[in-house]
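Values in this text are rule-based calculations from the coordinates and carry no lab data. Fair warning: this is a prediction, and the values are worked out from it, not measured in the lab. Positions of Cβ are backbone-derived with ideal geometry, glycine not excepted, and every protein chain shown enters the neighbour counts.
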Amino acid sequence: LLATLRGHSAEISDMAVNFENTMIAAGSCDKIIRVWCLRTCAPIAVLQGHTGSITSLQFSPLVKGSVRYMASTGVDGTVCFWQWDTTSMKFKYVSFYVTN
């Protein structure tokens, strides 16, 4: 066992590793996504955007300079998009509107 990543208060429902193999994200039935650094095992972010359990996580291969993206889905029927900067390691929720 190399490390134990702690923080969730319920079972983990999905996990994903980013394309650079530097972060791991875990979604849980506690409605929260937690992100850790794979090099140091330190927590990076706690993401809250769903009102139900997380069902899936996926990092995007899209690269725009130092900006990266991740998507999450939940039993609440929503898809959340998250953006982070590789230099600051700060995550933020990305909102957008679909029009006909």
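Laid out as a table, the results:
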quantity: Hits in region 37-53 (condition: within 23 Å of SER95 (Cα to Cα), over 9 Å from the mean Cα position of the chain (by Cα) and hydrophobic (A, V, I, L, M, F, W, C)); calculated: ILE44
quantity: So THR73, is it outside any loop (DSSP other than H, G, I, E, B) and among the β-branched types (Val, Ile, Thr); calculated: yes
quantity: Where PHE96 falls short, out of the listed (1) at positive phi; (2) surrounded by fewer than 12 Cβ atoms within 10 Å (Cβ to Cβ); calculated: (1)
quantity: Given (1) surrounded by fewer than 17 Cβ atoms within 10 Å (Cβ to Cβ); (2) of a type in the set (A, V, I, L, M); (3) in contact with a strand residue (DSSP E or B) (Cβ under 6 Å, 6 or more places away or on another chain); (4) over 14 Å from TRP84 (Cβ atoms), number of the condition VAL46 does not satisfy; calculated: (4)
quantity: Lone unmet requirement of (1) surrounded by 13 or more Cβ atoms within 10 Å (Cβ to Cβ); (2) in contact with an Asp or Glu (Cβ under 7 Å, 6 or more places away or on another chain) for MET89; calculated: (2)
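Conditions tested, residue by residue: (1) assigned to a loop (DSSP other than H, G, I, E, B); (2) closer than 13 Å to MET70 by Cβ; (3) in contact (Cβ under 8 Å) with a residue 60 or more places away in the chain.
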{"site": "LEU2", "(1), (2), (3)": "yes, no, no"}
{"site": "GLY7", "(1), (2), (3)": "yes, no, no"}
{"site": "PHE19", "(1), (2), (3)": "yes, yes, no"}
{"site": "CYS41", "(1), (2), (3)": "yes, no, no"}
{"site": "LEU47", "(1), (2), (3)": "no, yes, no"}
{"site": "THR51", "(1), (2), (3)": "yes, no, no"}
